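Input: a single structure, listed below in structure tokens.
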Amino acid sequence: MGVRTYKAFTSSHSLPVISCIFFIFFVICFHLKIHSDHLLFYFKSLPSGLLLMNCFLSPLLFSREFLMGTDKPGIAADGEGPQRPVHVDSFHMDIHEVTNQQFQSFVRATGYITEAEKFGDSFVFEGIVSEDVKSQISQAVAAAPWWLPVKGANWKHPEGPDSNITDRMDHPVIQVSWNDASAYCSWVNKRLPTEAEWEFACRGSLKDRLYPWGNKLNPKGQHYANLWQGEFPAHNSAEDGYTKTSPVMSFPGNAFGLYDMVGNAWEWTSDWWSVHHTTDHQHNPTGPPSGTDKVKKGGSYMCHKSYCYRYRCAARSQNTPDSSASNLGFRCAAEQKR
Ligand SMILES: [Ca+2]
Ligand SMILES: [Ca+2]
């Protein structure tokens, strides 16, 4: 393939070929709704094929100040407020959640064993566990009885040993702990985003809006995220087309060209959890220096307003770094290459 590409660029017909490639590049970037300043950056960087690929998979979000949090919290106890000015330096953000396919490549290359595999079990939402598996479970989480500890549940078997991911390779990897997510990001020379970076990316340059696309949950009757419709936890009507995770990028991207920032899978960030925030101007905040839980953002396919109104950019929740569940995944970020 490399030789054929080289020949194409050096043949007498190279101009049409290059024009065609540029045209395709424009069309794809337009589709991804990447801002013109992002396009400019990448055109400056051409002809690096790697940077071209990076444009598609992990665009550069330019340094900017934004308003983080909200003064109108949906769930005040989560520390969604106050709204505060935050500056983030330029960074790359993956356009989609890390998929099963990507995580499988990591595991095959490194032999990595996830924490759920080491523990021998993980948490699965009751509504997606088979009756056979359910009959073998005697304990549940008192405050959230729809979470079941299922033996043999892990990223390859998200709902338990009688499930698999063979037809879900383009879905977000789930049943991965914060430690697993960090290990993957390190392997691809990236890192988890800070909460500030994640929220900046979620907002897609919109100011003081609920969702990555605005304030209306379903503009013109369209679904913009994989969430829960119906009554939680008894009935998922799946009006958005999915009762569980969906293939990444199944719903429209935001103005930064980032997909599933809310809904589909929750996403780990690098910050330790705290509900107390300063209103002082902050530059690249990284959260408290220590803690017991890590911040996760964006909500999941299990979120409904009646129970988990957390599919908003300002919303947040937490888990211990070794936790894993059937609705929790991640995406990676990276420093700007200089
Ligand atoms: Ca759904
Ligand atoms: Ca997500």
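The values are calculated or read from the model by the stated rules, or taken from the named source; none is laboratory data. No experiment lies behind these values; they were computed from the predicted model shown. Using ideal geometry, Cβ is built from the backbone for each residue, glycine included, and neighbour counts are taken over all protein chains shown. The area values use the complete protein model at the heavy-atom level, side chains included, leaving out ligands, DNA and RNA. Shrake-Rupley method; radii C 1.70, N 1.55, O 1.52, S 1.80 Å.
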Please go through the range 269-301 and give me each residue that is within 16 Å of residue 333 (Cα to Cα) and of a type in the set (Ser, Thr, Tyr), ordered by number.
269, 270, 286
Condition first: closer than 16 Å to residue 323 by Cβ and at pLDDT 95 or above. Now tell me which residues in the range 123-146 satisfy that.
123, 124, 125
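Criterion first (touching a Cys at 6+ places or on another chain (Cβ under 7 Å), among the small types (Gly, Ala, Ser) and either away from ligand 2 (no atom under 16 Å from the Cβ) or open to solvent by less than 30 Å² (accessible area, probe 1.4 Å) (or both)) does residue 287 satisfy it? Talk me through it step by step, then tell me what you get.
Details: touching a Cys at 6+ places or on another chain (Cβ under 7 Å): no; among the small types (Gly, Ala, Ser): yes; either away from ligand 2 (no atom under 16 Å from the Cβ) or open to solvent by less than 30 Å² (accessible area, probe 1.4 Å) (or both): yes.
No, not satisfied.
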Filter the range 38-82 down to the residues that are modelled with pLDDT under 60 and within 23 Å of residue 211 (Cα to Cα) and list them by number.
38
In this structure, does residue 286 turn out to be more than 15 Å from ligand 1 (Cβ to nearest atom) and touching a Lys or Arg at 6+ places or on another chain (Cβ under 6 Å)?
no
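Return yes when residue 244 is away from ligand 1 (no atom under 12 Å from the Cβ), open to solvent by 10 Å² or more (accessible area, probe 1.4 Å) and out of contact with any Cys (no Cβ under 6 Å at 6 or more places or on another chain) and no when it is not.
So residue 244 fails the test.
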Filtering the range 252-270 down to residues that are within 8 Å of ligand 2 (Cβ to nearest atom) and part of a loop (DSSP other than H, G, I, E, B) yields 260, 261, 262, 263, 264, 265
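So for the range 216-230 (the condition being within 13 Å of ligand 2 (Cβ to nearest atom) and more than 20 Å from residue 158 (Cα to Cα)), does at least one residue qualify?
Yes, some residue in the range 216-230 is within 13 Å of ligand 2 (Cβ to nearest atom) and more than 20 Å from residue 158 (Cα to Cα).
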From the list 207, 244, pick out the single residue that is part of a loop (DSSP other than H, G, I, E, B) and away from ligand 2 (no atom under 16 Å from the Cβ).
207
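What residue, of 111, 127, 152, is away from ligand 2 (no atom under 16 Å from the Cβ) and within 18 Å of residue 300 (Cβ to Cβ)?
Within the list 111, 127, 152, the selection yields 127.
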Kindly indicate whether residue 104 is open to solvent by 60 Å² or more (accessible area, probe 1.4 Å) and not aliphatic (A, V, I, L, M).
no
For residue 137, work out the one condition from (1) touching a residue at least 60 places away in the same chain (Cβ under 8 Å); (2) more than 30 Å from residue 204 (Cα to Cα); (3) open to solvent by 30 Å² or more (accessible area, probe 1.4 Å) it doesn't fulfil.
(1)
Selection over the range 305-338 where residues are within 14 Å of ligand 1 (Cβ to nearest atom) and buried (at least 18 other Cβ atoms within 10 Å of the Cβ) yields a count of 4
Among residues belonging to the range 219-234 that are outside any loop (DSSP other than H, G, I, E, B) and away from ligand 1 (no atom under 12 Å from the Cβ), point out the one that is nearest to residue 167 (Cα to Cα).
231
Restricting attention to the range 204-241, the residues that are open to solvent by 70 Å² or more (accessible area, probe 1.4 Å) and at negative phi number exactly 9
